[in-house]
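Trainee: Below you'll find the structure I mean.
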Amino acid sequence: MRALTWQGTEKVSVETVPDPRIEQPTDAIVRVTSTAICGSDLHLYKILGMYLDAGDILGHEAMGVVEEVGSGAGSLAVGDRVVIPFNISCGTCWMCSRGLFAQCETTQVRSQDMGASLFGFTKLYGQVPGGQAEYLRVPQAQFGPIVVPDDGSPDERYLYLSDVAPTAWQAVEYAQVPAGGTVVVVGLGPIGQMAARIAAHRGASKVIGLDLVPERLAMARRHGIEVIDVSAVDDLAAAVRDLTGGRGPDSAIDAVGMEAHGSSAAAAAQKMAGLLPDALSRPLIEKAGVDRLAALLTAFDLVRRGGTVSISGVYGGAVDGLPMMQLFDKGVTLRMGQANVKRWIDDLMPLVQDAADPLGVLDLRTHRLPLESAPDAYEMFQKKHDGCIKVVLDPTVTSV
Ligand SMILES: NC(=O)c1ccc[n+]([C@@H]2O[C@H](COP(=O)([O-])OP(=O)(O)OC[C@H]3O[C@@H](n4cnc5c(N)ncnc54)[C@H](O)[C@@H]3O)[C@@H](O)[C@H]2O)c1
Ligand SMILES: [Zn+2]
Ligand SMILES: [Zn+2]
């Protein structure tokens, strides 16, 4: 089959690789019909190469049609239209039974001291081949796949159930926005867009979105979000306080993560880590402060005293300097983590199926391209060229 593979820092290519096959009774094989590129893939593309091997298949936002099932794949049936959650979880262990699917004790990567295995996501998360490919082997298929109706609707109606929608739902849940309260969303990539829309849908009286890319600001604005271009204001904290009665928002969501704009020293450290041999760069990432904290520091600064900061953006360093005095003095609550995808599907399914499209799932993707175009698509998404906000790759189209 054809699959998008990581080959080196900022280098990916579509290669012919062996077709996946059933390895465990609980496996299924899915023929992928749509598979998106995520901001998390950009971290792998640029700075986390020390955790990847050349040839690793990327991708963790896939959906398609079940081709084959193992004898232990439960009620899943050949021909089912399914969305595949990015976490691989068993559904029955101690963690799963508490809804902590990103910490599944059956698939935890204990050798790395990490949580549940993830598709297409480095050795830290099990080095499981990802979904930017024609076919995907799905472990724990008795629990993971979300069966969606074969109702003729475009894949994008359901595709974001794999990651973007539950991640954004969890971001809002963890933000603990009080009824009628206010929330600022830092970063308006796909996660920030969806988090802002969900916060508004769930009753926040004011949602403020921050970014510096004009078309991302414009997309949020057309979904009723008040936006601020962070590159155009001198005093961001004052601008946000002005919109929130002088006090600051009840909650702040970091939807940016470790590659934020505006953190030049850490950007240099990340670049250096990306260029070093793996044996030298892993300790640098794991034991030194290499995260670009601009977005997180913005969230800490903006949230009101006694408010909550919810972190969806991914971070990787160990000893980055955090403003503990500010956090302690303001009495800030922090919540964070990989999304526990299946925990939020019952909340989301009626919304994505609603013909009125209250979350605007049909207004997020800006590009739908053949899988063969994936290398160009990575570069376009990373550089935010051509108005790119979300790319969906189509492995069923063979010619470019
Ligand atoms: N927690 C999870 O389970 C989970 C799931 C999916 C994605 N993520 C993470 O969420 C983050 C966002 O993902 P995405 O797909 O939306 O990515 P993205 O890269 O498209 O979006 C990031 C956005 O932040 C903006 N930005 C950068 N620096 C900023 C700053 N200082 N102030 C304001 N805006 C700034 C960028 O312009 C961009 O629009 C990534 O870190 C990704 O790894 C986490
Ligand atoms: Zn993702
Ligand atoms: Zn489990």
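Trainee: How large is ³J(HN,Hα), in whole Hz, for each residue of the range 253-262 in order, when computed from phi with the Karplus curve 6.51 cos²θ - 1.76 cosθ + 1.60 and θ = phi - 60°, using x for Gly and Pro?
Mentor: Karplus-based 3J(HN,Hα) across the range 253-262 equals 10, 8, 10, 10, x, 6, 10, 4, 5, x Hz.
Trainee: Roughly what would the spin-label model give for Leu243 and Arg222, points 7 Å off Cα along C-beta, in nm?
Mentor: Calculated label separation equals 1.9 nm.
Trainee: Which one of Leu334, Val314, Ala200 is farthest out on the positive end of the charge dipole of the range 165-336, using unit charges on Cβ (Lys, Arg +1; Asp, Glu -1) and the Cα centre as origin?
Mentor: Working it through, the farthest residue towards the positive pole turns out to be Ala200.
Trainee: How high is the relative contact order of the range 165-336? Use alpha-carbon pairs under 8 Å, at least six apart in sequence, and give a whole percent.
Mentor: With pairs under 8 Å counted, the relative contact order is 24 percent.
Trainee: Return the FRET efficiency for the residue pair Asp19, Leu275: r is the Cβ-Cβ distance, R0 is 30 Å, and the value is rounded to the nearest 0.05.
Mentor: 0.30
Trainee: Once you put a point 7 Å from the Cα of Val233 and another 7 Å from the Cα of Ser205, both along the Cβ direction, what distance in nm separates them?
Mentor: According to this spin-label approximation, the distance is 1.9 nm.
Trainee: What number, rounded to the nearest 500 deg cm²/dmol, is the helix-based mean residue ellipticity at 222 nm of the chain, given -39500 (n - 2.57) per DSSP H run of at least four residues and division by all its residues? Mind dumping the intermediate values first?
Mentor: Numbers: 12 runs with 110 residues, N = 400.
Computed mean residue ellipticity for the chain: -8000 deg cm²/dmol.
Trainee: Over the alpha-carbon set of the range 311-391, divide Rg by the Kirkwood Rh and report the Rg/Rh ratio to two decimals.
Mentor: On the way: Rg = 18.6 Å, Rh = 16.9 Å.
Reported Rg/Rh (Cα atoms, Kirkwood Rh): 1.10.
Trainee: How high is the relative contact order of the range 348-400, given as a whole-number percent (alpha carbon pairs under 8 Å, six or more residues apart)? Working shown, then result.
Mentor: Working: 59 pairs, mean separation 20.6, N = 53.
Answer for the range 348-400 is 39 percent.
Trainee: Calculate, in nm to one decimal, what Ala268 and Lys383 gain on full extension: separation in residues at 0.36 nm each, minus their alpha carbon distance. Could the numbers behind the result be given before it?
Mentor: Details: separation 115, 0.36 × 115 = 41.40 nm, distance 1.77 nm.
Stretched fully, the Ala268-Lys383 segment lengthens by 39.6 nm.
Trainee: Moving on. Using amide H atoms built 1.01 Å from N in the peptide plane, name the residues 5+ places from Met114, or on other chains, whose amide H lies under 5 Å from its own.
Mentor: Val109
Trainee: Would you mind ranking Lys46, Lys342 so that the residue whose beta carbon has the fewest other beta carbons within 10 Å leads the list?
Mentor: By the 10 Å Cβ count, ascending, the order reads Lys46, Lys342.
Trainee: Given the Cα atoms of the range 165-336, and with Rh set as the inverse mean 1/r over their pairs in the Kirkwood sense, what is Rg to Rh to two decimals?
Mentor: Using only Cα positions, Rg/Rh for the range 165-336 is 0.99.
Trainee: Can you tell me the dipole magnitude for the chain around its Cα centre, using point charges on the Cβ only (Lys, Arg +1; Asp, Glu -1), in Debye to the nearest 20?
Mentor: Computed charge dipole of the chain: roughly 860 debye.
Trainee: Related question: Counting other beta carbons within 10 Å of each residue's own, what order do Phe328, Phe101, Phe381 fall into, fewest first? Intermediate values should be presented prior to the final figure.
Mentor: Details: Phe328 9, Phe101 28, Phe381 25.
In increasing order of surrounding Cβ atoms, one gets Phe328, Phe381, Phe101.
Trainee: If you split all Cα-Cα distances of the chain into 20 Å bins from zero, what percentages do you get per bin, shortest first?
Mentor: 28, 61, 11, 0
Trainee: Spelling out what I want: for every residue of the range 364-380, take phi, set θ = phi - 60°, compute 6.51 cos²θ - 1.76 cosθ + 1.60 (Karplus), and round to whole Hz; glycine and proline get x.
Mentor: Going residue by residue, I get 9, 5, 9, 9, 10, 9, x, 3, 4, 8, 4, x, 5, 5, 4, 5, 4 Hz, with x marking Gly and Pro.
Trainee: Report the full-extension gain for the segment Gln326 to Leu212: residue separation times 0.36 nm, less the Cα-Cα distance, to one decimal in nm.
Mentor: Taking Gln326 through Leu212 to full extension adds about 38.5 nm, to one decimal.
Trainee: Still on this model: Sequence-distant or interchain residues sharing an amide H contact under 5 Å with Gly72, placed H: which?
Mentor: Residues meeting the criterion, in which the H sits 1.01 Å from N, are Thr26, Asp27.
Trainee: Further question on the same structure: Please give the net charge around Gln7, taking every other residue with its beta carbon less than 11 angstrom from that of Gln7, where Lys and Arg add +1 and Asp and Glu add -1.
Mentor: -3
None of the figures in this text is laboratory data; all of them are computed from the coordinates on show. Given the structure is predicted, the values throughout are model-derived calculations rather than measurements. When we count neighbours, we look across all protein chains shown, and the Cβ atoms used for this are built from the backbone with ideal geometry, even at glycine.
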